[in-house]
Amino acid sequence: MSAPMLAVEGLEGGYGPAKVLFDVTFAVGAGEVVTLIGRNGMGKTTTIRSIMGLLPASAGAIRFEGRDILRRPPYRIAQAGIGLVPEGRQVFPTLTVEENLVATAASREGRGRWTLRQVYGLFPRLEERRGNLGSQLSGGEQQMLAVGRALMTNPKLLILDEATEGLAPLIRIEIWTVLKRLKSEGQSILVVDKNVDALAAFADRHVVIEKGMVAWSGTSAELRSDPSVKDRYLHV
């Protein structure tokens, strides 16, 4: 079996003296869609921030394509090929849609597929609003822009933190449809989202985070066949 694209092993960390992650271990293979799921405050976003180098880890290992990235600065991790769609979208409010996209454009090791034309093809609404400022977009349009901006880095691994949080149902469906398309094209994806049933329709594996630890992991088929997982770890 080949080595995973992303391997997180025994990850521990948090915010200053407040420890949030105690032992997080999981992997994402090439072309896989893996989800991090769990109730609010269990450590999902902290895990993502640690992977991206935005929070220092106190223990454990994070390897991307076999290389240690645990203590690399965030820009080096992005340059290595990890694209992030952050919680809260965080688009540049005073830049236009097109300026937001161009600002992050990068081509790496022949991975230059994602251009303005390709992103506009994926999200026609962004092309319609290409001259609008980020602050003038709806929440759904900002999320489309955040996804497009991450794709413009031509990532080997795309990470989405709270992929459809706060979005209208139709926009959620559009985001999930885009993720399904990206998966069909071989894009590796790690996604945090609360809509477990929608994720199970196309994700390969799921990792449940509970109190800073991996409480359960398995395939979509295993998740569907064991309703106790959702009752125990996902319901409020």
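No value in this document is a laboratory result; all are computed from the given coordinates. Here the structure is a predicted model, which means the values were calculated and not measured. Here Cβ is always computed from backbone atoms with ideal geometry, including for glycine, and neighbour counts include all displayed protein chains.
Which strands (runs of 3 or more DSSP E) sit wholly inside the stretch 1-68 and have at least 2 residues that are in contact with a His (Cβ under 7 Å, 6 or more places away or on another chain) and crowded, with 20+ Cβ neighbours inside 10 Å?
Ranges flagged: 33-37.
Any residue in the stretch 42-64 that's under 15 Å from Met213 (Cα atoms) and touching a residue at least 40 places away in the same chain (Cβ under 8 Å): show its pairings with residues that are in a strand (DSSP E or B) and basic (Lys, Arg) at Cβ separation under 8 Å, as long as the two are six or more apart or on different chains.
Ser58/Lys19
Could you please tell me which pairs satisfy a Cβ distance under 7 Å, a separation of 6+ or placement on different chains, a first residue in the stretch 78-104 that is in contact (Cβ under 8 Å) with a residue 24 or more places away in the chain, and a second residue that is part of a helix (DSSP H, G or I) and of a type in the set (Asp, Glu)?
Once the first residue is in contact (Cβ under 8 Å) with a residue 24 or more places away in the chain and sits in the stretch 78-104, no partner that is part of a helix (DSSP H, G or I) and of a type in the set (Asp, Glu) comes close enough.
Which of the numbered conditions does Leu223 fail, given that it passes all the others? Conditions: (1) in contact with a helix residue (DSSP H, G or I) (Cβ under 8 Å, 6 or more places away or on another chain); (2) farther than 17 Å from Met42 by Cβ; (3) of a type in the set (A, V, I, L, M, F, W, C); (4) not in a loop (DSSP other than H, G, I, E, B).
So the condition that Leu223 fails would be (2).
With crowded, with 22+ Cβ neighbours inside 10 Å and small (Gly, Ala, Ser) as the only criterion, which of Ala198, Ala105, Ala163 stands out?
So the residue among Ala198, Ala105, Ala163 that is crowded, with 22+ Cβ neighbours inside 10 Å and small (Gly, Ala, Ser) is Ala163.
I'm checking my understanding of the structure. Among residues of the stretch 73-105 that are assigned to a loop (DSSP other than H, G, I, E, B) and either touching a Cys at 6+ places or on another chain (Cβ under 8 Å) or among the polar types (S, T, N, Q) (or both), which one is farthest from Gly166 (Cα to Cα)?
Thr104
Looking only at the stretch 180-217, which residues are on the phi > 0 side of the Ramachandran plot and free of Cβ contacts under 8 Å to residues at least 24 places away in the same chain?
Scanning the stretch 180-217 gives no hits.
Which one is nearest to Gly60 (Cα to Cα), of the residues in the stretch 201-217 that are surrounded by fewer than 18 Cβ atoms within 10 Å (Cβ to Cβ) and touching an Asp or Glu at 6+ places or on another chain (Cβ under 8 Å)?
If we take residues in the stretch 201-217 being surrounded by fewer than 18 Cβ atoms within 10 Å (Cβ to Cβ) and touching an Asp or Glu at 6+ places or on another chain (Cβ under 8 Å), then Met213 is nearest to Gly60 (Cα to Cα).
Would you call Leu116 crowded, with 22+ Cβ neighbours inside 10 Å and either within 18 Å of Leu95 (Cα to Cα) or of a type in the set (Val, Ile, Thr) (or both)?
No.
In the stretch 183-195, what count of residues is obtained for those that are buried (at least 22 other Cβ atoms within 10 Å of the Cβ) and either farther than 19 Å from Arg89 by Cβ or out of contact with any Leu (no Cβ under 7 Å at 6 or more places or on another chain) (or both)?
So the count comes out to 1.
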